[in-house]
Amino acid sequence: MTSAPENSQNPADALPKSWDPSAVEAGLYQQWVDAGYFEADPAGDKPGYSIVLPPPNVTGSLHMGHALDHTLMDALARRKRMQGYEVLWLPGMDHAGIATQTVLEKQLAADGTTKEDLGREAFVEKVWQWKAESGGTIQGQMRRIGDGVDWSRDRFTMDDGLSRAVQTMFKRLYDEGLIYRAERLVNWSPVLQTAISDIEVKFEEVEGELVSLRYGSLNDDEPHVVVATTRVETMLGDTAVAVHPEDERYKDLIGTTLEHPITGRQIPIIADDYVDPEFGTGAVKITPAHDPNDFEMGLRHDLPMPTIMDKSGRIADTGTRFDGMDRFEARVAVREELAAQGRVVAEKRPYVHSVGHSERSGETIEPRLSMQWWVKVDKLAKAAGDAVRNGHTVIHPASQEPRWFEWVDNMHDWCISRQLWWGHRIPIWYGPDGEVACFGPDETAPEGWEQDPDVLDTWFSSGLWPFSTMGWPDKTAELDKFYPTSVLVTGYDILFFWVARMMMFGTYVSGDDAVHGAQVPFKDLFLHGLVRDQFGKKMSKSRGNGIDPLDWVERFGADALRFTLARGANPGSDLAVGEDHAQSSRNFANKLFNATKFALMNGAVVGELPAREQLTDADRWILDRLEQVRGEVDAAFDRYEFSKACEALYHFAWDEVCDWYLELAKVQLTDGSVHADGTKIVLGTVLDALLRLLHPVIPFVTETLWKVLTGGESVVIASWPEPTGVAADEAAARRIADLQKLVTEIRRFRSDQGLKPSQKVAARLVGIDEADLTAQVPAVRSLARLTEPEDSFAATASIEVRLSRATVTVELDTSGSIDLGAEIARLRKDLAAAEKELAGTSDKLSNEAFLAKAPDQVVEKIRGRKQIAEEEIARIGARLKELGAE
């Protein structure tokens with residue numbers, strides 16, 4: 001490490017007057033990219049460390065969840081790079097089948113055409129064209145926040161290499177009997193006319209209706225049952241009524257049949273333990289083709305499963321007058337028909353209940369029996385569970401493990417087909433004589449064969465992401481060096497949808513030579529929480545509480561955005577953020593900038609430290625604290641406790657370096673002390689290490705300051721601070737702690753006395769030698785604004801401060817220092833403000849309606865304000881009494 005160039009008279013001149021992120025961030029980032037700092041070399045001698053970026057949708061833009069994800073991954077990658085690892089942070093994008101096709105279909109609709117008008121081949125070509133022109137907005141946004149990814153390895157889930165991996169995996173699973181085709185229940189989107197995954201279904205509370213209808217005789221003395229439903233139109237597909245086998249009310253009916261009131265077919269009464277006899281009438285209608293639970297019951301009892309709706313959600317094939325009606329139109333018509341027959345026993349309207357809606361198209365999802373391709377997951381899911389049980393993959397925090405096991409141990413077969421045109425087309429071909437065959441990437445189907453029209457679920461290709469992006473199924477230097485990846489960073493909300501798929505595929509290929517025996521796709525799985533607004537509410541468009549991270553970058557700088565998110569990131573816990581947090585983080589960057597610039601102006605340099613015995617107590621104390629904080633930060637990063645790392649650095653930088661050491665150093669630099677040169681080196685050493693420790697989270701301001709402070713090439717490639725091995729000087733720490741307490745108490749006393757902060761007051765320090773603070777007297781007097789007493793000194797006030805070894809009495813002469821009238825007026829003004837604050841907080845805390853709605857953290861904040869107001873009123877009252885102005 002070298003100091004700043006000697007020919008620069010004042011290194012601080014190389015810094016701008018103030019910190020303006022917008023003026024430097026883009027330029028710095030491009031310098032890093034051009035220098036190749038983020039490019040990984042699989043042939044290098046350094047140990048490998050790798051992270052694959054969860055691929056954002058090609059249609060997407062950066063939201064707060066992404067910003068959190070990316071900040072944490074970048075912090076990990078930057079730290080490991082500084083620790084001497086060959087770091088690969090691999091970027092890429094997901095082709096996002098449904099989302100992308102929806103975007104293009106909307107564009108076509110605006111032009112008055114459809115994808116069917118274009119034809120499949122032309123439509124797919126148009127999507128590729130759109131991707132080249134408009135896709136990937138998020139990549140530019142990633143650069144804005146400082147993502148140190150290896151852009152030379154940017155991947156796309158439908159590029160040639162990944163497409164080859166997808167076809168290879170499909171064929172292997174198919175040949176092993178783990179992929180099959182069957183008619184089963186799926187989430188069906190009538191608008192998109194495709195099956196969709198659970199993660200693409202958003203549940204919303206809606207006002208519907210609960211209709212109780214009567215099967216069987218209308219005569220109470222004859223066999224009948226009453227069932228309730230929120231989707232009365234589905235009764236057209238009822239094939240049974242189920243009751244609990246132990247329900248005495250229906251024992252005589254079990255095994256009999258009742259006539260369907262509209263279709264006329266006979267409906268059996270079946271017994272099943274699934275039915276809750278305590279809920280409603282204890283009888284439930286069974287529509288196997290349109291309800292997940294009914295489907296499972298239909299399988300158990302071998303019930304017919306007629307599908308009563310077509311792909312667009314219209315009633316079909318029931319042989320009734322309702323055929324051709326939209327499902328919601330039919331809901332009304334069927335209810336009216338049943339009412340006309342006298343079969344509607346009760347109606348509850350509005351009936352609020354949770355209903356699944358398509359995330360993309362917004363309409364109500366229809367559970368529907370459909371012929372689809374499936375992955376048999378029992379073997380794969382067991383391997384994914386065992387990988388965590390045997391420690392091959394470690395989940396952080398461990399509290400998320402039960403959720404993991406609950407999911408993988410009870411996973412249902414996975415529907416992997418989608419009725420779309422954009423995506424990986426299923427590599428199944430059909431021959432002219434009914435032949436069915438799967439062809440891999442290096443095989444060609446015979447002429448005249450037709451390929452299956454469906455495409456694969458997007459999660460199928462993204463499930464291969466950790467190893468397909470490094471060249472699998474081929475053996476590559478990247479797989480050898482960087483696989484398995486070191487850590488996967490993602491939100492706990494997609495633990496099951498994406499992480500489980502990667503674990504299943506990663507364990508499945510563990511025997512491949514290409515992955516050299518790697519058992520899992522990632523060694524650590526770090527699950528962070530969701531980003532919520534400052535009141536702890538989930539961000540959503542309907543609430544209008546969403547935050548655009550790029551807006552924060554524009555207003556506060558990328559470092560402020562990153563520090564805000566990292567500072568709130570605890571494993572598995574949600575974090576609440578608001579604009580005041582971003583402002584605080586911006587202020588922290590400004591504080592760091594100003595402190596470093598001040599240090600440079602006062603001669604701070606980076607060089608070899610003097611011997612410990614040549615340093616002052618303050619110098620030894622700050623170096624020891626630096627070492628302690630370094631250890632805390634390392635431990636926190638290793639446990640993925642970003643919040644703890646940031647808190648430790650924030651408070652060390654602000655509370656100890658800026659608030660205390662800079663002030664103490666100022667005394668040592670200006671009083672002609674023989675320790676001045678050593679203090680300059682200590683100051684430079686502390687700031688050098690602090691900037692390096694902060695760099696992973698706030699890279700831009702640390703790069704700007706570190707280069708000027710040290711003269712080094714870039715903090716991106718600087719070494720991470722190592723343990724010093726030096727024992728802490730406990731005596732120096734004790735004396736500095738006593739100094740801080742003494743100065744703080746003097747300052748508080750001065751404030752209570754109405755003395756201005758800049759006003760110097762003569763004072764005598766009694767007991768300072770007994771307190772072992774003789775050497776600290778110049779600093780105490782400087783920081784507390786105390787002058788030496790003259791011969792005529794007469795104390796008018798005093799305080800006693802109990803320290804670790806003795807009590808120090810501070811005698812002050814405040815005569816002539818206070819304007820009594822002005823001081824009383826000031827105190828009364830402050831008293832009125834405190835009383836107003838007390839009244840306002842008391843009113844809120846006594847308002848039951850407010851307390852019922854306000855989040856707990858808001859209520860606690862108000863209680864804290866009330867307590868402060870009460871304490872302030874007591875303090876001011878006591879002071880007014882002293883001045884005789886009650």
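Here E125 meets each of (1) part of a loop (DSSP other than H, G, I, E, B); (2) open to solvent by 30 Å² or more (accessible area, probe 1.4 Å); (3) at pLDDT 95 or above; (4) not basic (K, R) with one exception, condition (1). Considering A289, A271, the condition of being open to solvent by less than 10 Å² (accessible area, probe 1.4 Å) and in contact (Cβ under 8 Å) with a residue 12 or more places away in the chain is satisfied by A289 alone. Among the criteria (1) open to solvent by less than 50 Å² (accessible area, probe 1.4 Å); (2) modelled with pLDDT of 85 or more; (3) not polar (S, T, N, Q), the one L883 does not fulfil is (2). Looking only at residues in region 159-217 that are buried (at least 17 other Cβ atoms within 10 Å of the Cβ) and polar (S, T, N, Q), the one that is farthest from S462 (Cα to Cα) is S212.
The number of residues in region 508-538 being under 28 Å from E176 (Cβ atoms) and open to solvent by 20 Å² or more (accessible area, probe 1.4 Å) comes to 9. If you go through region 581-614 and keep only what is open to solvent by 60 Å² or more (accessible area, probe 1.4 Å) and closer than 20 Å to F556 by Cα, you end up with H581, Q583, R586, N587, K591, N594.
Restricting to region 276-293, what's the tally of residues that are assigned to a loop (DSSP other than H, G, I, E, B), over 18 Å from L210 (Cβ atoms) and within 39 Å of the chain's Cα centre (by Cα)? Total meeting the criteria: 2.
Give all pairs with beta carbons closer than 7 Å in which a residue from region 485-497 that is touching a residue at least 60 places away in the same chain (Cβ under 8 Å) meets a residue that is of a type in the set (A, V, I, L, M) and part of a helix (DSSP H, G or I); count only pairs at least 6 apart in sequence or on separate chains. Within 7 Å, the pairs are V487/L76; L488/V499; V489/L72; V489/M73; T490/V499; I494/I199; F497/I199. The single condition from (1) assigned to a loop (DSSP other than H, G, I, E, B); (2) open to solvent by 20 Å² or more (accessible area, probe 1.4 Å); (3) small (G, A, S) that A383 fails is (1).
Checking each residue in region 788-806 for being β-branched (V, I, T) and open to solvent by less than 50 Å² (accessible area, probe 1.4 Å) picks out I799, V801. Total residues in region 568-616 satisfying the condition of being closer than 24 Å to A732 by Cα and either touching a strand residue (DSSP E or B) at 6+ places or on another chain (Cβ under 8 Å) or assigned to a helix (DSSP H, G or I) (or both): the figure is 5. Scanning region 626-641 for residues being farther than 30 Å from K17 by Cα and either open to solvent by less than 20 Å² (accessible area, probe 1.4 Å) or free of Cβ contacts under 8 Å to residues at least 60 places away in the same chain (or both) gives a total of 8. Consider region 128-150 and keep the residues that are open to solvent by less than 20 Å² (accessible area, probe 1.4 Å) and assigned to a helix (DSSP H, G or I). The one that is modelled with the lowest pLDDT is I138. Number of residues in region 379-394 that are touching a residue at least 60 places away in the same chain (Cβ under 8 Å), farther than 15 Å from E406 by Cβ and among the small types (G, A, S): the value is 2. Screening V191, V225 for residues that are β-branched (V, I, T) and modelled with pLDDT of 95 or more leaves exactly one candidate, V225.
Out of G282, G324, which single residue is open to solvent by 40 Å² or more (accessible area, probe 1.4 Å) and either within 18 Å of I365 (Cβ to Cβ) or not hydroxyl-bearing (S, T, Y) (or both)? Going through G282, G324 in turn, the sole match is G324. In region 57-101, of all residues being touching a Leu at 6+ places or on another chain (Cβ under 7 Å) and polar (S, T, N, Q), the one that is modelled with the lowest pLDDT corresponds to Q101.
Only a single item in (1) touching a residue at least 40 places away in the same chain (Cβ under 8 Å); (2) closer than 20 Å to G36 by Cβ is not met by Y85, and it is number (1). Of all residues in region 151-180, those satisfying the criterion of being assigned to a strand (DSSP E or B) and under 22 Å from T137 (Cα atoms) are R155, F156. Determine whether V227 is under 47 Å from the mean Cα position of the chain (by Cα), open to solvent by less than 40 Å² (accessible area, probe 1.4 Å), of a type outside the set (D, E, K, R) and closer than 22 Å to A330 by Cα. Criteria met by V227. Quick one: is E835 open to solvent by 90 Å² or more (accessible area, probe 1.4 Å), at pLDDT below 90 and not hydroxyl-bearing (S, T, Y)? Against the criterion (open to solvent by 90 Å² or more (accessible area, probe 1.4 Å), at pLDDT below 90 and not hydroxyl-bearing (S, T, Y)), E835 does not qualify. When region 411-444 is filtered for residues that are of a type outside the set (A, V, I, L, M, F, W, C), in contact (Cβ under 8 Å) with a residue 24 or more places away in the chain and not in a loop (DSSP other than H, G, I, E, B), the ones remaining, listed by number, are S417, R418, R425.
Looking only at residues in region 246-275 that are among the small types (G, A, S) and in a loop (DSSP other than H, G, I, E, B), the one that is nearest to A333 (Cα to Cα) is G264. For region 808-829, the count of residues that are at pLDDT 85 or above, open to solvent by less than 50 Å² (accessible area, probe 1.4 Å) and assigned to a helix (DSSP H, G or I) is zero.
Out of curiosity, is E246 acidic (D, E), under 22 Å from L456 (Cβ atoms) and open to solvent by 40 Å² or more (accessible area, probe 1.4 Å)? It is false that E246 is acidic (D, E), under 22 Å from L456 (Cβ atoms) and open to solvent by 40 Å² or more (accessible area, probe 1.4 Å). Screening the candidates E329, E347, E296, E336 for the property of being outside any loop (DSSP other than H, G, I, E, B), open to solvent by 50 Å² or more (accessible area, probe 1.4 Å), farther than 30 Å from T100 by Cβ and in contact with a Ser or Thr (Cβ under 9 Å, 6 or more places away or on another chain) yields one hit, E347.
The values are calculated or read from the model by the stated rules, or taken from the named source; none is laboratory data. Just so you know, these numbers come straight off a predicted model, no measurement behind them. Heads up, the Cβs are rebuilt from the backbone with ideal geometry, glycines too, and the neighbour counts pull from every protein chain shown. Accessible surface is based on the protein model in full, side chains and every heavy atom, while ligands, DNA and RNA are left aside. Shrake-Rupley method; radii C 1.70, N 1.55, O 1.52, S 1.80 Å.
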